[in-house]
1. Going highest first, how would you order 237-245, 424-432 by mean Cβ packing within 10 Å?
2. When all protein chains stay in place, what accessible area (Å², nearest 10, 1.4 Å probe) is found for D34?
3. Please compute the Kirkwood hydrodynamic radius over the chain, one decimal place, Å, based on all pairs of different Cα atoms.
4. Binning at 10 angstrom from zero up to the longest distance, how are the C-alpha pair distances of the stretch 377-493 distributed in percent?
5. Kindly provide the pair-distance distribution of the stretch 18-79 built from C-alpha pairs, with 10 Å bins from 0 and whole-percent values in order of increasing distance.
6. Rounded to a whole number, what % of the accessible area of the chain do carbon and sulfur atoms account for, probe 1.4 Å?
7. For K89, K326, K371, give the ranking by accessible area with the largest first, probe 1.4 Å.
8. For the chain, can you list the cysteines whose C-beta has no other cysteine C-beta under 4.7 Å from it?
Amino acid sequence: MKTTPTPTANQTLDPTNWDEARQLMHQMIDDAVDYLSTIRERPIWQPMPEEVQASFEEPVPREASSAEEVYSEFQENVLPYPMGNVHPKFWAWYMGSGTLSGALGDFWASIMNPNLGGGNHAANKVEAQVVNWMKEIMNFPTSSSGLLVSGGSMANFVGLTVARNVKAGYDIRTQGFQPNHKMVVYDSAEVHSCNQKALELLGMGTESLVKIPVNPDYTISIAALQQQIRQDRAAGLHPICVIGTSGTVNTGAIDDLNALADLCEAENLWFHIDGAIGAIAMLSDTVRPQLSGIERADSLAIDLHKWLHMPFEAACVLVKNSTGHKKTFSLIPEYLAKNTRGIAAGDLWFSEYGLQLSRRFRALKIWMSLKEHGTERFGDMITKNVNQAHYLAELIDQSSDMEQLAPIGLDILCFRYNPGDLTLTELNAINKEIKIQLEESGKSAPGYTTLAGRYCIRVAIANHRSRREDFEELLDDIRQIGVTLRGSIPVLSS
Ligand SMILES: *Cc1c(COP(=O)(O)O)cnc(C)c1O
């Protein structure tokens, strides 16, 4: 007769000694506080030595190690080599810098570890409340639906899926695409690539996304859009949606949202806004007027791990047509049926509003951070960043060897080092090298983009830790590297 082997009978994955576990957890908390409170003193980024790189190629650990050993390996091989985005002088891409209460919220979310697919429990209420707060901030009606998702990409994906299904004009979930019924969506050439990805994944093909030219200020040309819609209708296509942006990734340009809303109303099109960058700036008294019309979107993607500084990942999508939203994603087989009482009760199941069934408790970090700081404080942080962008522009204006290359949009500034006597090729090469040397020195991390063939140093200040003097130092560092590099120009441009 076979019996279960005794050594494993009562084994779990919990600590065998809770006192030791407590001690280690306290140590981690102490280390985390030290880490964050001294962030300014360390380099933003540093390359990983070979032996550290090699550690990531070790095979799967079959034997146990002590939690202390694992933690010390983390401290040695992971912690010293960050991406850098929590540092006060990180202004690359467009990222937030995190909050302590956000991190603690994530910690407790994992300890509680509920599944936000649905059910009758407090975590579900927390998410519903956070979504309601987003409606309140964006001036969306309370009857709208929404959910928290991983990021702007997924928020746009959800919004565009509802747009497609509602505007198809037939039951696309059942029937799929129809022959001779080509749906088209419009956005500007400056709108983020994740929207194209979404339409590709929705089976509509890249050709279904018509890119409209932008004005000199990088906002969508309304006249060109109007013209294109007319032309496409005449050609027998089915325009369904316009994607506006409340902050482009290159220059922070905000489309004329009211004009787009008017046009969508007149043309009976779905109005989606990619608000990954600008939407949360509704919290800033100075930026809010520029976002007028955002409340008129049919669906809105809001990133929360960018300018709201939530630890990755966090975003929200809001949809006015809550019925259409639910109809797009709801699918309830017997094994997911709800009850009227107990754990499986409750009307609002978030899995009926998105692709994911199992979902993490990402609402807690947002709930804790918003309650701790209040939205006015977050708004002030946004205003501060916008002011810093203008301060940097002033400094650039006063420098004969620096040149601004696009109007400031929100908190994004594009410029280059330009001592005046270099060719375009040389300028592109020298600015590219300056940016990399800044990173390698660990001093600062601006981003980059290319506008009309000109390589730009792009500073996107979504950073609540940055100070005015950081930007003075940035220009000093750029100038210093630039002057040194000028001696080796022939090498650079060859
Ligand atoms: C970052 C960004 C996205 C994508 O959002 P993720 O959170 O990175 O998925 C979409 N649109 C704009 C304008 C962005 O800046």
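1. 237-245, 424-432
2. Counting only protein heavy atoms, D34 exposes about 90 Å² to solvent.
3. Details: mean 1/r = 0.0399 Å⁻¹.
After inverting the mean inverse Cα-Cα distance, the result is 25.1 Å.
4. 14, 48, 30, 7, 1
5. 16, 41, 33, 9
6. 53 percent
7. Details: K89 20, K326 70, K371 115 Å².
Highest to lowest solvent-accessible surface, that is K371, K326, K89.
8. Lacking a cysteine Cβ partner under 4.7 Å: C194, C241, C264, C316.
The values are calculated or read from the model by the stated rules, or taken from the named source; none is laboratory data. Remember, it's a predicted structure, so these values are computed and weren't measured experimentally. With ideal geometry, Cβ positions are generated from the backbone for all residues, glycine too; neighbour counts draw on all protein chains shown. Calculation scope for accessible area: heavy atoms of the full protein, side chains included, ligands and nucleic acids excluded. Shrake-Rupley method; radii C 1.70, N 1.55, O 1.52, S 1.80 Å.
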